Amino acid sequence: MTRAIPEVRTPITIFADDDVSWPSTVLPWILAPFEKDERYGGVVTCQRLRRAAAPTFSQRVWGFLGALYLERRNFDCAATTHVDGGLPCMSGRTVAYRTDILQDEGFTYAFTNEEWWFGRYQLNADDDNFITRWMVSHGWETFMQYHPEAEVLTTLEDNPKFLKQCARWSRSNWRSNLTSMFHEKHIW
């Protein structure tokens, strides 16, 4: 990411995972908040699970758990966006940021030298949480486009590997939350 970001020549940079598919309406919807208010530094989309074709019973069970995870996340993000303007984490599955934020030298340094537990350990594990914390600590507003026109489809593991993914998300979140509360001391 830090190799590509300096090459961007557009005012908005969009990150998207390789397993995400977009409807043709996503771009106008993800760009709209930036046009509405210059305080918005990042915009994230609603995410739904792309179902497997002809899934086995086991895949259906794992798919159901994945769909529940995404739906809970959509609800959480939409609620916090519209209640107090915050977001727990801007998911990198499909997210847009103002390019000048990402190209800031301070951002690049902090992003590539992220530390955890009061500087004892180098983290560099999770761009989603880091960039979300950066937005909050630098006064940028964030927004979730919760609308069918801004809905992307993604995949999740449909086997026991899903549990490993959940464990990774959990570790990343508690590290990020502790960093927010006790080191950076910026809580949305």
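Of all the listed residues (95, 61), the sole one being touching a helix residue (DSSP H, G or I) at 6+ places or on another chain (Cβ under 9 Å) and modelled with pLDDT of 95 or more is 95. Just one of the listed residues (60, 93) is of a type in the set (Lys, Arg) and in contact with a strand residue (DSSP E or B) (Cβ under 7 Å, 6 or more places away or on another chain), namely 93.
Going through (1) among the charged types (D, E, K, R); (2) closer than 30 Å to residue 56 by Cα; (3) more than 16 Å from the chain's Cα centre (by Cα); (4) modelled with pLDDT of 95 or more one by one, residue 151 falls short only on (3). Among residues of segment 11-36 that are more than 21 Å from residue 126 (Cα to Cα), those with a beta-carbon under 7 Å from a residue that is in a loop (DSSP other than H, G, I, E, B) and of a type outside the set (Val, Ile, Thr) at least six positions away or on a different chain give the pairs 21/50; 29/147. Is it fair to say residue 130 is part of a helix (DSSP H, G or I), closer than 17 Å to residue 182 by Cβ and not β-branched (Val, Ile, Thr)? Judged against the criteria, residue 130 is a match. Residues that are exposed (fewer than 13 other Cβ atoms within 10 Å of the Cβ) and either part of a loop (DSSP other than H, G, I, E, B) or small (Gly, Ala, Ser) (or both) within segment 49-92 comprise 53, 54, 56, 58, listed in sequence order.
Restricted to segment 133-148, and to residues there that are in a helix (DSSP H, G or I) and not hydroxyl-bearing (Ser, Thr, Tyr), the residue that is nearest to residue 63 (Cα to Cα) is 148.
Can you work out which of the residues in segment 93-148 that are within 15 Å of residue 172 (Cα to Cα), under 18 Å from the mean Cα position of the chain (by Cα) and not hydrophobic (A, V, I, L, M, F, W, C) is surrounded by the fewest Cβ atoms within 10 Å (Cβ to Cβ)? The qualifying residue surrounded by the fewest Cβ atoms within 10 Å (Cβ to Cβ) is 124.
So which pairs qualify, if the first residue must be in segment 97-121 and in a helix (DSSP H, G or I), the second must be polar (S, T, N, Q), the Cβ gap must be under 6 Å, and the two must be at least 6 apart or on different chains? Once the first residue is in a helix (DSSP H, G or I) and sits in segment 97-121, its partners that are polar (S, T, N, Q) give 99/13; 102/13; 108/2; 112/2. Scanning segment 158-168 for residues that are within 17 Å of residue 91 (Cβ to Cβ) and surrounded by 16 or more Cβ atoms within 10 Å (Cβ to Cβ) gives a single hit, 162. What residue, among those in segment 169-188 that are more than 17 Å from the chain's Cα centre (by Cα) and charged (D, E, K, R), is surrounded by the most Cβ atoms within 10 Å (Cβ to Cβ)? For segment 169-188, the residue satisfying everything is 184.
The values are calculated or read from the model by the stated rules, or taken from the named source; none is laboratory data. Predicted model only: the values in this text are computed from it and were never measured. Here the Cβ is made from the backbone with ideal geometry for all residues, glycine too, and neighbour counts use every protein chain on show.
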